Structure formats: C-alpha cells, structure tokens
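Notes to accompany the following structure.
No value in this document is a laboratory result; all are computed from the given coordinates. What you are looking at is a predicted structure, and each value in this text was computed from that prediction instead of being measured. A quick note on method: Cβ atoms are made from the backbone with ideal geometry, for glycine too, and the neighbour counts reach across all protein chains shown.
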C-alpha cells in the first residue's frame, strides 16, 4: 500500500494509475487525513456489485417481513409535507444505488 498527499498524487497520477492497474492500492491524504483510495476498476466494480447485492438482500428481507402486515395509513391532516420532502432530499444524497446502471 502506498500513501501520498494529494499534491504528490496529482504530480504522479500517470505512475499511480500504472501501479493501481498492477494491483496496488494507493491511499491519498488531504491535510494529513485519509481522503481517497485508488483501486483498479475490476476491484471497484466487485465492491459496487457486492454493495448492490447487500442492499438487494436487505430489501428482500424487509419485503418478506412486511408481507401480510397491514399498511399503516396516516390521515392526510397528519402529513407534514415539508418534513417528508426534507427526508427525501436527505436520503437522495445517501442513495446507495446512485451511479449504478
């Protein structure tokens, strides 16, 4: 594992890409804190695929658990549209499916 500052990584990017393609992991720091990791595309895709499968399995468990239970119906006068929109916007930023085709 190689660890470099952002400025070092920027200056050596072509070399780092070659090292990553050869299977090495490159950790990049910013202001002394870990900021990013460069990994080869195959490893990244395996990680993304794994994350998608984990989310799909969780969704399946949640659906199976909910099957047969009555739906909770909240009367419209109890709806807080602003809170709901804020929740959707917050969840949108943490979307585990974002960027997956």
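Tabulated values for the structure
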quantity: In region 31-75, the residues that are more than 20 Å from the chain's Cα centre (by Cα) and within 21 Å of residue 2 (Cβ to Cβ); calculated: 31, 32
quantity: Qualifying residue in region 35-54 (condition: without any contact (Cβ under 8 Å) to a residue 12 or more places away in the chain and touching a strand residue (DSSP E or B) at 6+ places or on another chain (Cβ under 7 Å)); calculated: yes
quantity: Complete set of residues in region 1-28 that are within 20 Å of residue 44 (Cβ to Cβ) and in a strand (DSSP E or B); calculated: 2, 3, 4, 26, 27, 28
quantity: Number of positions in region 37-90 that are assigned to a loop (DSSP other than H, G, I, E, B) and loosely packed, with under 11 Cβ neighbours inside 10 Å; calculated: 11
quantity: Which numbered condition residue 26 fails, given (1) loosely packed, with under 13 Cβ neighbours inside 10 Å; (2) touching a helix residue (DSSP H, G or I) at 6+ places or on another chain (Cβ under 7 Å); calculated: (1)
